[in-house]
Amino acid sequence: MNRILIAACAVLGGLVLALPTAATRERLAAPVVFGLDKRLPCTTSRVSGSPDPPPPYRTRRAFERLAFRSPLYLTSDATHPGVFVVEQAGRIVYFKAADDRTHLFCELKDHDFYAMTFHPKYRANGFVYVFANGPNSKAKKKNRILRFRAAGDPPRCDPKSQQLVIEWESNGHNGGDLVFGLDGMLYVTSGDGTSDSDGDNTGQDLRDLCSGVLRLDVDRAPPGKGHAVPPDNPFSKVKGARPELYAFGLRNPWRMSIDRPTGDVYVADVGQDLWEMIYLLKRGANYGWSTFEGSHPFYPQRKLGPAPVVKPLVEHPHSEARSITGGHVYRGKRFKALVGAYVYGDYATGKVWGLRQVEGKIAWQKELASTRLQIVAFGADRDGELYLVDYGGQIHQFEPSPPPAEPSTFPRKLSESGLFASVPEHRPAPGVVPYDVNSPLWSDGSHKVRFFAIPGLGRVPFVEQGAWTFPEGTVLIKTFALDLEAGNASTRRRIETRFLTFQQGEWHGYSYAWDDKGLDGHLVEAGGRDRELLIKDAKAPGGTRKQTWHFPSRAECMVCHSRAANYVLGLTTAQMNRDFDYGGGTVLNQLTALEKLGLFRVPLANHSRALEGIFSTPRHLARVALRQTVPRPLRNASVDPLEKKARQRFDRWSQKLTNDLQKREATSLACLPEDLPRLASPYDRKVEVGARARSYLQSNCAHCHVWAGGGNSAIDLHVNTPLVKMKLVGERPLHDRFGIADALLVAPGAPERSILYHRVATQGRGRMPPLSSSVVDEQAAALLRDWVRGMKPAPGVKK
């Protein structure tokens with residue numbers, strides 16, 4: 001057996017050590033890249049930190065000796081000196097600040113716990129109310145409000161005291177909070193019960209308990225019931241309505257709190273497409289979902305319920321927040337500047353804001369902290385001091401931000417960035433690498449030049465699909481230029497340069513506006529700006545037209561560079577797989593060039609799979625090697641020549657080799673560029689129209705319009721999605737039809753009835769892409785028109 005294993009190792013080892021292959025060696029012998037015979041380290045970048053002053057507060061970990069399992073909630077009661085933390089997996093724990101361990105307060109297996117609250121007369125009756133969802137073992141889950149009786153020191157719920165207050169079916173956006181109002185009634189939040197865009201159409205439907213706030217009387221429940229309906233509930237006399245409803249039209253109200261000195265109840269609602277909302281709770285209010293998302297149309301064809309839509313107190317665009325977490329009005333003593341401020345945050349970005357309102361009008365609003373926490377709740381101890389609950393398992397609290405040790409050195413000019421050897425010549429510094437893409441994002445007819453700067457000799461893990469990931473300190477650079485006379489390249493002027501920087505695990509965008517002489521670019525303020533340009537154009541009335549160039553705000557940069565797209569748009573294999581003119585007569589495929597520079601990290605296992613494409617793992621490759629060492633008569637025999645123990649030893653060895661190959665890396669690609677994904681240029685008329693159209697949609701639309709990603713049209717425009725699965729062709733619009741008769745998203749053979757074509761071919765309301773564009777891409781519109789016109793309905797697709 002040893003002889004067989006040694007022979008197998010030798011065969012497989014020879015395959016691995018033979019890398020790179022002959023084709024790869026020929027590729028590596030290609031000409032040097034833009035005059036370099038080796039990669040130069042990038043050492044001059046000064047793009048670090050932030051140009052903006054730090055927010056007034058930062059967070060630090062509280063209760064350092066304690067950790068929690070997916071905590072979702074923190075609260076307290078005047079009866080107990082400690083705090084209670086709700087863990088998602090059906091547990092609530094209690095502890096005091098000095099404790100080094102937690103005490104189990106309540107547990108219910110096979111359920112998720114979201115929140116808890118104490119009865120106003122808890123000291124006398126011991127009643128605790130818990131928001132649960134489950135059972136997890138069943139396909140159809142229910143929101144369940146449960147009452148327990150607690151006692152003892154440390155306190156503990158009696159599991160035998162469990163009583164159901166109310167339950168309703170909900171399996172997705174469950175809401176998840178409850179609080180007693182000053183009127184003694186129990187208020188409970190409820191989401192739309194689905195996992196996306198109100199698929200059950202319950203947002204405006206009062207016949208169920210989803211998508212609203214319930215108001216229950218738990219002190220006057222009839223015999224055998226867990227609650228009574230307060231007679232003054234607003235919909236108690238509306239035919240067919242659930243009388244428990246107090247307000248409706250919420251998508252997923254994630255956290256509700258009451259400011260007891262004023263009685264104001266704040267509700268945060270997690271948005272779907274573009275907006276995150278904070279509302280003040282009002283009797284009988286309709287918050288609009290899913291006809292509206294905040295104050296913006298969402299499904300305008302859907303019928304509104306029996307109340308006008310109430311606008312949010314505050315709404316944040318997804319450039320600022322992407323999963324709002326409601327907070328608390330601060331009533332502690334540590335931070336006098338925050339007393340009376342409603343403090344809330346965002347799960348996705350970790351940002352924290354504060355606001356004050358007077359009669360529903362914002363009097364003050366400010367960003368308070370920028371954290372890396374997954375904020376799922378804010379809670380207070382019995383002294384009113386505030387805590388932030390991090391889903392990662394820790395509790396944090398505020399402390400003042402220290403003054404900066406030194407003034408910000410973030411570059412205010414391009415010439416201060418260290419990324420250019422000459423800014424007027426637009427010549428990059430050593431180690432800064434130029435690149436281009438196959439299918440560019442439309443930017444109002446501008447011409448673009450792109451570079452990336454990776455600190456030192458950092459490398460990029462190579463993946464065939466999706467965005468590449470980059471090391472800390474990477475800067476992506478893109479410069480935009482416009483011809484001030486249409487079609488005349490001699491009038492081309494640089495307008496803007498954008499940086500996308502990766503710092504402390506997050507991407508950040510910054511814009512620089514070039515001066516009129518083209519000598520330098522100056523940092524644009526955080527809120528962005530517009531610049532009006534005069535363009536000579538023979539096609540325009542009078543021979544001149546005005547064009548507004550929009551410098552995006554720092555928040556707007558991250559709308560397209562979104563989490564759904566993994567932030568990086570152009571640096572993907574399919575975009576980078578193209579030839580590039582590096583100057584000096586060197587035209588080279590970019591992947592080959594970057595491979596030559598040693599930029600990539602490629603698992604050796606990928607090489608083994610590429611080398612022997614018929615085998616799925618090195619383990620299969622090892623079996624081939626083994627069979628080659630077994631005498632032919634035995635190989636052809638029906639009996640396995642290996643004994644059981646020997647076969648087990650071989651399996652362990654081959655698995656170990658597989659794992660080892662996954663850990664080891666090469667800098668050479670596992671296959672040639674022609675065997676890797678490649679987008680088409682939308683403007684290359686030599687390429688088939690369907691390939692060009694899909695490439696355009698990929699680069700201009702798919703970073704938002706992915707499955708449950710950020711585009712609420714429920715379409716998937718990724719280039720790899722089969723046409724029949726895109727939910728695009730033959731589908732009725734979920735939103736505005738723009739007055740088009742018998743409109744479809746794409747009507748095969750009829751671009752004039754296709755919403756996709758209309759949105760790209762026109763300006764104004766409904767324009768796509770929606771940001772930083774004031775000029776129609778006429779070539780793209782013609783491309784989509786031809787693509788749609790040439791379509792034939794597929795089987796099962798509506799005409």
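Summarising the amide proton neighbourhood of Ala467: residues at separation of 5 or more, or on other chains, whose placed amide H is nearer than 5 Å comprise an empty set. Mean residue ellipticity, 222 nm, helices only, the chain: the sum of -39500 (n - 2.57) across DSSP H runs of n ≥ 4, divided by residue count and rounded to 500, is -4500 deg cm²/dmol.
Entry comment: accessible area of segment 82-176 is 44 Å² per residue, from protein heavy atoms only and a probe of 1.4 Å. Modelled label positions at Thr469 and Arg732, each set 7 Å beyond Cα in the direction of Cβ, lie 4.3 nm from each other. Looking at Pro751, Ser295, Phe248, which one has the Cα that reaches farthest to the positive end of the dipole of the chain (charges on Cβ: Lys, Arg +1; Asp, Glu -1)? Positive-end residue among those listed: Pro751. Were the residues from Glu525 through Asp383 laid out at 0.36 nm apart, the gain over their Cα-Cα distance would be 47.1 nm.
Within the chain, which DSSP H helices have Cα atoms that stretch 18 Å or more along the helix axis and a mean Kyte-Doolittle hydropathy of at least 0.0? Intermediate values should be presented prior to the final figure.
Values: long enough: 2-17 (21 Å, 1.98); 644-663 (29 Å, -2.02).
What comes out of the filter, once short or polar helices are dropped, is 2-17.
Residue-wise HN-Hα couplings along segment 481-487, as the Karplus relation 6.51 cos²θ - 1.76 cosθ + 1.60 with θ = phi - 60° gives them from phi, are 9, 10, 7, 6, 10, 3, x Hz; Gly and Pro carry x. Normalising by residue count, the chain has a Cα convex hull of 236 Å³ per residue. Shown in residue order for segment 511-517 are the 3J(HN,Hα) couplings computed by the Karplus curve 6.51 cos²θ - 1.76 cosθ + 1.60 at θ = phi - 60°: 10, 10, 9, 6, 6, 5, 8 Hz (x for Gly and Pro). Here's the picture: charge each Lys and Arg Cβ at +1 and each Asp and Glu Cβ at -1 in segment 381-420, and of Ser417, Leu388, Pro402 the one pushed furthest to the positive end of that dipole is Ser417.
Ranked highest first by average number of other Cβ atoms within 10 Å, how do 568-575, 205-212 line up? Could you put the intermediate results ahead of the total?
Numbers: 568-575: 21.9, 205-212: 23.6.
Peptide ranking by packing, descending: 205-212, 568-575.
A simple spin-label model places pseudo-atoms 7 Å from Cα toward Cβ; at Ala782 and Asp436 they are separated by 2.1 nm. Peptides 83-96, 417-430 ranked from most to least packed, by the mean per-residue count of other Cβ atoms within 10 Å: 83-96, 417-430. Given axes a ≥ b ≥ c from the Cα gyration tensor, I'd like to know whether segment 82-210 is rounded (a/c under 1.5), prolate (a/b larger than b/c) or oblate. Because a/c hits 1.5 or more and a/b exceeds b/c, segment 82-210 counts as prolate. For segment 506-604, the solvent-accessible area works out to 43 Å² per residue, with a probe of 1.4 Å and every protein chain left in place.
Among the listed pairs Lys239/Lys361; Lys311/Lys351; Lys141/Lys225, give every one whose C-alpha distance is greater than 26 Å. Could the numbers behind the result be given before it?
Details: Lys239/Lys361 34 Å; Lys311/Lys351 23 Å; Lys141/Lys225 21 Å.
Pairs exceeding the cut-off: Lys239/Lys361.
Extending 7 Å from Cα along the Cβ direction at Lys225 and again at Val687 yields two label points whose distance is 6.6 nm.
Charge dipole (Cα centre; +1 on Lys/Arg Cβ, -1 on Asp/Glu Cβ; no other charges) of the chain amounts to roughly 1780 debye. Which shape class, rounded, prolate or oblate, goes with segment 426-478 when its Cα gyration tensor gives a ≥ b ≥ c as root eigenvalues, a/c under 1.5 marks rounded, and past that a/b bigger than b/c marks prolate? The shape class here is oblate. Counting only protein heavy atoms and a probe of 1.4 Å, the accessible surface of the chain is 52% carbon and sulfur.
Cα centroids of segment 471-495 and segment 350-369: 38 Å apart. Residue-wise HN-Hα couplings along segment 135-150, as the Karplus relation 6.51 cos²θ - 1.76 cosθ + 1.60 with θ = phi - 60° gives them from phi, are x, 5, 7, 10, 5, 9, 8, 10, 6, 9, 9, 10, 10, 10, 10, 10 Hz; Gly and Pro carry x.
Across segment 61-181, the relative contact order, built from alpha-carbon pairs under 8 Å that are at least six residues apart, equals 18 percent.
Loop-located trypsin sites (Lys or Arg not before Pro) in segment 360-457 (DSSP state other than H, G, I, E, B) with a sparse environment of at most 15 neighbouring Cβ atoms within 10 Å: Arg372, Arg382, Arg412. Counting only DSSP beta bridges whose two residues both lie in the chain, roughly 95 percent are antiparallel.
The values are calculated or read from the model by the stated rules, or taken from the named source; none is laboratory data. Just so it is clear, the structure is predicted and the values come from calculations on it, not from any experiment. Because the Cβ atoms are built from the backbone with ideal geometry, glycine has one as well, and the counts that use them run over all protein chains shown. The accessibility values were calculated without ligands, DNA or RNA, using every heavy atom of the protein model including side chains. Shrake-Rupley method; radii C 1.70, N 1.55, O 1.52, S 1.80 Å.
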